[in-house]
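Input: a single structure, listed below in structure tokens.
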Amino acid sequence: MIIRCTTKLVFTAILVLCLSTNVFAASIKTNLWLTIANNQQLPYQQHPLIEEKLKWYLSQSFYADDISLRAKPYFHYIVTELKKRKMPLELALLPIVESQYKMTTSHRGAAGIWQLMPVVAAHYNVPINDHYDGRYDLVLSTQAALNYLQHLYVTFNQDWLLALAAYNAGEGKIKQAIAQNKRNKQPISFWHLTLPKETKEYVPKLLALDKLVKTRPRFFTAIENKAVTRVVDIEQPFSILVIAELLKIPNTEILKFNHAYIADKSAPTGPYHLLLPNKLATTLEQVLIFSSMGAKGYKVKKGDSLYRLAKLSNTSIAKLKSLNRLSNDTLLIGQEIILPASSKSMPTLVREYAISRYIKRVKPELETLELTYTVKPSDSLWHVATLFDVTVKQVRSWNNLNHTSIIKPGQTLNIKITQSKKAHGQSEVVTDIAQQIPYFSLTNTASLNN
């Protein structure tokens, strides 16, 4: 009896272990934080500054929720690009240190989630002009940032800590610090260099986030391991206001994903793309196709491929699959599909009245919310201001603090934050084209087979 019970217990334990392993493996596939946690490449480091920053992050639970919310539209693309380049996936955490995943501008002139300086943007062909600032473009800024990081990694003998320090302080400062230590016959690792205070804290912040994700990957709200946004190539000059009209949504819904468009329209020479949530992206592609003249019915014949048909109709394979709701690249002989007309027949997406310099973006009506915050042991005025997306000057003003005042644990601070008022009776916008217009019927379209 004892042997049977023991055998049963062992079998049960193995079964539970297998199930747990499978669940964990599944969660890695569906949560990008876990993907990073299990594919870490940055060197393991121990330092008091790392522990100090880690302690602060652990004390900010709703800060972590906000980070996940802001990172969600961009995170999958960044992690995917890092995988393609075989770079450490932890570098997807760098925009948290740089901008908290906000499309923002610093007082020094750095911009976007990667906080690119104009000189770096220019070097990596990121356009900055009166119409467009590519540092706020997810694709252009990410490509530039990763190119720059790869360059720094090679420059500093494949030392990621030095490369990250150079990303913050500049290549020249790190080289000078290394040269100084060499002259003094001192070690040239990051921890031994004489660097600006900001840089000395910058790298530990990333390493603390790295440790946090490794030890507590569920600290951050899960971000599903799939793209929730994608880029739509409009293929011609356009106005944000016209695109918003086509989609029947407020232009602010487009602008919140496309901060790069300064003048609410594309530059005459491009780029001509928009980052949109998947559903809106599909809607826009279909609206543009339905708005063009002469979409055709087509019967697949021997030798056809999506590549050939996309080239024939002057479109992309992705758009062709989207239009025909194809889940893979396979076509069957005799299969009936829809081919869009050439984009040359697309109606103009620019209207002068819509892009007049006298027309300004409508700013949402704001309301002020007042709340209190209890200071924690690791808090500073900068930490509190960052937490609520306000300035240190504002926190001082609201609490009658001067430049020498020091906040203490347990102290209560008054905070004022603003948020957009929701219009009375505002309803959810329908973005599924299938609910707006009927899908093409092959019986009502001409044939291209002849």
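Summary of values
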{"read-out": "Which listed residue, of N251, N258, N278, is touching a Phe, Trp or Tyr at 6+ places or on another chain (Cβ under 9 Å) and not assigned by TED's automatic domain parsing to the domain that holds V97", "value": "N258"}
{"read-out": "Of all residues in segment 156-174 being touching a residue at least 40 places away in the same chain (Cβ under 8 Å) and not hydroxyl-bearing (S, T, Y), the one that is surrounded by the fewest Cβ atoms within 10 Å (Cβ to Cβ)", "value": "L161"}
{"read-out": "Qualifying helices (runs of 4 or more DSSP H) (wholly inside segment 157-265; at least 3 residues being of a type in the set (D, E, K, R) and more than 25 Å from A64 (Cα to Cα))", "value": "171-183"}
{"read-out": "All positions within segment 318-342 that are more than 17 Å from I234 (Cβ to Cβ) and not polar (S, T, N, Q)", "value": "K321, R325, L326, D329, L331, L332, I333, G334, E336, I337, I338, L339"}
{"read-out": "Scan of segment 119-137 for residues that are in contact with a helix residue (DSSP H, G or I) (Cβ under 7 Å, 6 or more places away or on another chain) and assigned to a loop (DSSP other than H, G, I, E, B), ordered by number", "value": "Y124, V126, P127"}
{"read-out": "Single residue of G297, G270 found to be at pLDDT below 80 and either in a loop (DSSP other than H, G, I, E, B) or more than 18 Å from the chain's Cα centre (by Cα) (or both)", "value": "G297"}
{"read-out": "Sole residue being under 23 Å from the mean Cα position of the chain (by Cα), farther than 30 Å from L255 by Cα and crowded, with 18+ Cβ neighbours inside 10 Å, chosen from Y148, Y153, Y132", "value": "Y153"}
{"read-out": "Positions within segment 84-118 being under 15 Å from the mean Cα position of the chain (by Cα) and part of a helix (DSSP H, G or I), in sequence order", "value": "L89, E90, L91, A92, L93, L94, P95, I96, V97, E98, S99"}
{"read-out": "Number of the exception - Q45 against (1) closer than 22 Å to S378 by Cα; (2) assigned to a helix (DSSP H, G or I); (3) in contact (Cβ under 8 Å) with a residue 60 or more places away in the chain", "value": "(2)"}
{"read-out": "From the options I359, I355, residue that is aliphatic (A, V, I, L, M), surrounded by fewer than 18 Cβ atoms within 10 Å (Cβ to Cβ), at pLDDT below 75 and in a loop (DSSP other than H, G, I, E, B)", "value": "I359"}
{"read-out": "Test: residue in segment 220-230 that is within 26 Å of T283 (Cβ to Cβ), of a type in the set (K, R) and surrounded by 14 or more Cβ atoms within 10 Å (Cβ to Cβ)", "value": "yes"}
{"read-out": "Residues that are more than 16 Å from D379 (Cα to Cα) and in contact (Cβ under 8 Å) with a residue 40 or more places away in the chain, drawn from segment 397-417", "value": "K416, I417"}
{"read-out": "Selection within segment 372-396 - in contact (Cβ under 8 Å) with a residue 24 or more places away in the chain and either in the same structural domain as S68 (by TED's automatic domain parsing) or of a type in the set (D, E, K, R) (or both)", "value": "K376, D379, D389"}
{"read-out": "From the options S313, S322, S327, residue that is under 30 Å from I262 (Cα atoms) and modelled with pLDDT under 85", "value": "S322"}
{"read-out": "Residue in segment 418-433 that is more than 30 Å from L288 (Cβ to Cβ), modelled with pLDDT of 50 or more and in contact with a helix residue (DSSP H, G or I) (Cβ under 8 Å, 6 or more places away or on another chain) present", "value": "no"}
{"read-out": "Within segment 379-398, tally of residues that are closer than 19 Å to E51 by Cα and surrounded by fewer than 16 Cβ atoms within 10 Å (Cβ to Cβ)", "value": "2"}
{"read-out": "Lone unmet requirement of (1) within 24 Å of I78 (Cα to Cα); (2) more than 22 Å from the chain's Cα centre (by Cα); (3) surrounded by fewer than 21 Cβ atoms within 10 Å (Cβ to Cβ) for K319", "value": "(3)"}
{"read-out": "Filter result for K8 (over 24 Å from K211 (Cβ atoms), surrounded by fewer than 13 Cβ atoms within 10 Å (Cβ to Cβ) and at pLDDT 90 or above)", "value": "no"}
{"read-out": "Considering residues of segment 51-78 that are among the small types (G, A, S) and modelled with pLDDT of 90 or more only, the residue surrounded by the most Cβ atoms within 10 Å (Cβ to Cβ)", "value": "A71"}
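The values are calculated or read from the model by the stated rules, or taken from the named source; none is laboratory data. Quick caveat: nothing in here was measured; it's all calculated off a predicted structure. Note that each Cβ is placed from the backbone with ideal geometry, even for glycine, and that neighbours are counted across all protein chains shown.
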